[in-house]
Amino acid sequence: MTINYGHFFMIPVCNHFYGRISQMKHLISTKQFGSAKKLEEIFDLADYYQEHKLSTELKDKIIASLFYEPSTRTRLSFETAALRLGAQVISSENAKQFSSVAKGETLADTIKIISGYADAIILRHYEKGAARKASEISTIPIINAGDGIGEHPTQALLDVYTIKKELGRLDNLHIALVGDLLNGRTVHSLINLLRLSDSNILYLISPEELKLPDHLKVRNKINFIEKEELTNLGKLDVLYMTRIQKERFQIPEEYGKVKNRYHLDVKMMRKMKKNSIVMHPLPRVNEISTEIDNDSRAAYFRQAQNGLYIRMAILRLLLSSARP
Ligand code: NCD
């Protein structure tokens, strides 16, 4: 089914939404979201796109995806989202090796050039802060699809969307974030969004050497409990597993020491509440046994699917602001 602007503006739930989101030019950090209400508005739009998977709303747009680091879900769901909205896509999926960066071009020059070709850039880069730098140069919206060990805001948006859909709320939750909390950018972004709701308790479960950086432990509206062991599973509403980020280790032996530290299996799942969920941004390496994939509480594949609807909402929102 296709929808046009007229049709869209007739959807009451999204009416108020456009005005406000259109004020955001780039999506660089989850710190840009000042309230849980803003999230609800994005969720409404994502719900809408779950029901209306094809439209021509962005038919006059070209989206560039520029990925300097590997990706499956983020790049392909963004590109699918763009195509479902009627946009066209240009893509450099291995930009570090195959773009002019390999010849010595700077990110700044690349961004300047693509700004003249496309209407938005989805950027994944290996350096923390790269998306922000790109946004200072770009004349078109930049969407941060992961900047090194910095942030991954669109992943966090789809994560909170998934929690809301699965459990019906974003407050008063016991959430365990497990794994590489030092280098895992999804966790860094997610914490900022969980802070927007009241009374959440976060269990930060990581090896000593991969603890969450202190600057992210701001106890504003949120409580942190740091531990090395994954225990008290029965208390949790959300168990958010993450991969140990192998590519961030300088010394392979250091990675070897921690790589299989956490592994969720059927026995552990028996301790979890009936109405709890297991999440993972994916890819998983060995953090979750495939034996639990068919457990209804295993939400990670539904989580990845939600990424498509959230990214449709984000593209629509940012490209409406790019409109002259
Ligand atoms: C994550 C990432 O790239 O940060 N993947 C993703 O986008 N879903 C998590 C990871 O790579 O471990």
Checklist entry - Tell me, what HN-Hα J-couplings in whole Hz come from the Karplus equation 6.51 cos²θ - 1.76 cosθ + 1.60 at θ = phi - 60° for each residue of segment 206-217, using x for Gly and Pro? => result 7, x, 3, 6, 10, 5, 4, x, 4, 5, 8, 9
Checklist entry - Using a simple spin-label model with points 7 Å from Cα along the Cα→Cβ vector, what separation in nm is obtained for Ile90 and Leu167? => result 4.3
Checklist entry - Want the number for Tyr117 to Thr231: 0.36 nm per residue separation, take away the alpha-carbon distance, what's left? => result 35.9 nm
Item to check | Coordinate range along principal axes, alpha carbons of the chain, Å, largest first | outcome: 53, 50, 37
Checklist entry - Cross-link partners among lysines for Lys112, C-alpha distance below 20 Å, same-chain residues fewer than 8 apart left out? => result Lys25, Lys61, Lys96, Lys103, Lys128, Lys133
Checklist outcome for this item: Distance in Å, no decimals, from the C-alpha centre of segment 22-53 to the one of segment 140-184 is 13
Checklist entry - How far, in degrees from 0 to 90, does helix 36-51 lean away from the longest principal axis of the Cα atoms of the chain, to the nearest 10? => result 70
Next on the checklist: Considering only C-alpha atoms, what is the centroid distance from segment 287-304 to segment 60-79, in Å?
Outcome noted: 25
Checklist entry - In the chain, which longest range has no chymotrypsin sites (Phe, Trp or Tyr not before Pro) that are both DSSP loop (not H, G, I, E or B) and surrounded by at most 16 other Cβ atoms within 10 Å? => result 127-324
Checklist entry - Across all directions of projection, what mean area in square nanometres is found for the Cα convex hull of segment 236-306? => result 5.3
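Suppose every Lys and Arg Cβ carries +1 and every Asp and Glu Cβ carries -1, with no other charges. What dipole size does segment 261-324 come out with about its Cα centre, to the nearest 20 debye? It would help to have the intermediate numbers written out before the result.
Working: 12 positive and 5 negative charges, 55 e Å.
Using only the charged Cβ atoms, the result is roughly 260 debye.
FYI, it's all coordinate maths here, none of it is from the lab. It should be emphasised that the depicted structure is a prediction, and the values quoted were computed from it without experimental measurement. Quick reminder, even Gly has a Cβ in these numbers, built from the backbone with ideal geometry, and neighbours come from all protein chains shown.
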